[in-house]
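Have a look at the structure below, then the notes.
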Amino acid sequence: MSPSPDLPNSERATGGETEDLAPVAFEARILALLPQLRRYSRSLTRSDTESEDLLQDCVEKALVSRSQWRGTNFKAWAYRIMTNLHLNAHRFRIRHPSATIDGSEIDDLAMTSADPLESRRLMQSLANLPAEFRVVLTLVVVEGYAYQEVAEMLDIPIGTVMSRLSRARHALREKMREANIIPLRRPL
Amino acid sequence: MTERRSISEEQLHAYVDDLLDEADRRRVEEFLGENPEAAEMIADWQSQNDGLRSAFAGYRKSSAADLQLVTMSGNRTRSLRASRLSLVAASIAIFALGALGGHYTPALFEKSELAQAYADALPQEAHNAFLVYASEVRHPVEVFADQEAHLATWLGKRLSIPDLKVPNLQSLGFRLVGGRLLPVVGTAGAMFMYEDAGGQRLTVIVGRNPQNQSTSFRFASAGDIETFYWIDGDLGYAVTGEISRTTLQKVAEECYRQFPS
């Protein structure tokens with residue numbers, strides 16, 4: 001299992017494991033990783049603005065902490081920084097019902113799915129998941145990490161990864177089934 | 001769901017995330033073949049995956065401000081030379097990524113907003129039209145069923161649907177009363193009215209959807225009146241009646257089958 005479905009060219013651009021540690025290369029590494037970090041950031045947050053803020057914080061933190069990078073797996077290192085920044089802001093804050101996202105805050109999400117209503121409902125359900133569940137779901141589904149890799153990145157047991165993934169999926173499913181949808185089929 | 005062939009939930013997740021080897025995948029598929037409830041759950045999880053991936057795919061892109069973001073923030077102690085070199089490296093990276101990023105063009109959000117507005121308005125207007133016209137005794141429609149061919153040509157012309165067919169609901173016990181032109185979400189739309197042997201009426205509405213995005217079937221209730229509606233490309237449809245949801249769904253499915261795809 002490859003760590004991610006990402007295009008091989010961009011892996012090369014981030015220069016994963018090589019030891020060309022000249023300080024000049026560091027910014028270029030981040031820059032090359034920015035599109036992926038941007039997607040990850042957006043999948044954790046609820047709006048484009050929130051997402052760009054998190055991305056910016058992450059870049060700053062990475063630049064300041066550059067000496068802590070041990071020269072391997074730059075991508076996982078940067079993802080960990082972003083994840084922690086996000087979780088520190090939202091740790092185990094299960095949203096109060098009155099703070100439930102009604103959709104107006106997710107307006108700026110680029111909907112590419114064929115069914116805009118479905119897509120919107122999914123984003124609303126996602127927005128109401130606790131941050132811990134959402135992080136795991138996103139890393140697995142959108143970023144394509146294996147369970148063990150997620151466990152290492154978040155520094156939690158793999159059993160916890162599985163239970164969060166499971167709870168995220170069951171919660172989303174319950175939300176999605178609540179509403180008035182009947183699959184449309186043209187019989188022939 | 002786990003007992004019969006000792007498939008764990010963990011394996012079901014791994015199946016959905018495509019992390020199983022061939023043998024395990026086949027075992028899970030066999031299990032799902034015998035457990036429709038589990039299969040349904042897996043199908044839901046898979047569509048979650050598809051939905052999440054497609055929602056965020058468009059964000060994997062560079063931005064014009066990226067270079068600034070990386071070079072201006074944080075560390076300000078770098079030498080001028082180092083900073084210049086990093087700019088060169090960065091430009092090269094941006095160029096490479098620009099080429100990659102071209103695949104993903106996120107849909108404009110205005111588009112989904114408008115589609116949402118349309119989908120909200122459609123059942124509401126169908127409901128109102130039903131209230132207004134179904135209670136009409138003498139003039140429920142403009143053109144009666146005895147001129148069905150004319151009705152189809154006329155409304156087809158107004159809606160720019162050359163092959164507009166008036167759905168035939170005889171098999172469900174509803175005969176055509178007739179039809180009329182009416183505004184549907186701001187543009188010319190068509191309404192067809194049907195009646196069963198007991199005089200129970202229902203209406204079918206077709207309108208142009210400028211957003212050209214499809215949705216699945218869904219229903220809206222207001223009081224005793226039910227509406228089934230769906231959007232199929234550039235046309236929106238709604239079926240409304242004061243009848244059971246089951247019957248109405250059959251009508252909706254029949255209309256869906258008969259309208260041009």
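The values are calculated or read from the model by the stated rules, or taken from the named source; none is laboratory data. What you see is a predicted model, and the numbers here were worked out from it, not measured in a lab. Cβ placement follows ideal geometry from the backbone for every residue including glycine, while neighbour counts extend to all protein chains displayed.
Exactly one residue out of B:I231, B:I205 is under 19 Å from the mean Cα position of the chain (by Cα), surrounded by 18 or more Cβ atoms within 10 Å (Cβ to Cβ) and modelled with pLDDT of 90 or more: that is B:I205. Considering segment B:209-261, and only residues there that are of a type in the set (F, W, Y) and at the interface with another protein chain (Cβ under 9 Å from one of its Cβ atoms), the residue that is farthest from B:G156 (Cα to Cα) turns out to be B:F219.
At least 3 residues being farther than 19 Å from B:P123 by Cβ is the threshold, and among the strands (runs of 3 or more DSSP E) wholly inside segment B:149-234 those reaching it are B:175-184. It is to be established whether one or more residues within segment A:75-86 are at the interface with chain B (Cβ under 8 Å from one of its Cβ atoms) and at pLDDT below 95. For segment A:75-86, residues at the interface with chain B (Cβ under 8 Å from one of its Cβ atoms) and at pLDDT below 95: absent. Cβ-Cβ distances below 6 Å connect the following pairs, each with a first residue in segment B:37-56 that is polar (S, T, N, Q), a second residue that is part of a helix (DSSP H, G or I) and buried (at least 18 other Cβ atoms within 10 Å of the Cβ), and a separation of six or more residues or different chains: B:Q46/B:V16; B:Q48/A:L172; B:N49/A:V141. One residue stands out among those in segment A:115-138 that are more than 11 Å from B:L52 (Cα to Cα) and among the aliphatic types (A, V, I, L, M): the one that is nearest to the other protein chains (Cβ to nearest Cβ), which is A:L117.
Can you list the helices (runs of 4 or more DSSP H) lying wholly within segment B:44-142 that have 1 or more residues being modelled with pLDDT of 75 or more and surrounded by 15 or more Cβ atoms within 10 Å (Cβ to Cβ)?
Values: elements: B:66-72, B:80-101, B:109-133.
Once the helices (runs of 4 or more DSSP H) in segment B:44-142 are filtered for at least 1 residues that are modelled with pLDDT of 75 or more and surrounded by 15 or more Cβ atoms within 10 Å (Cβ to Cβ), what remains is B:66-72, B:109-133.
Here the condition is being more than 21 Å from B:E254 (Cα to Cα) and of a type in the set (S, T, Y); of B:T203, B:T215, B:T187, it holds for B:T187 alone.
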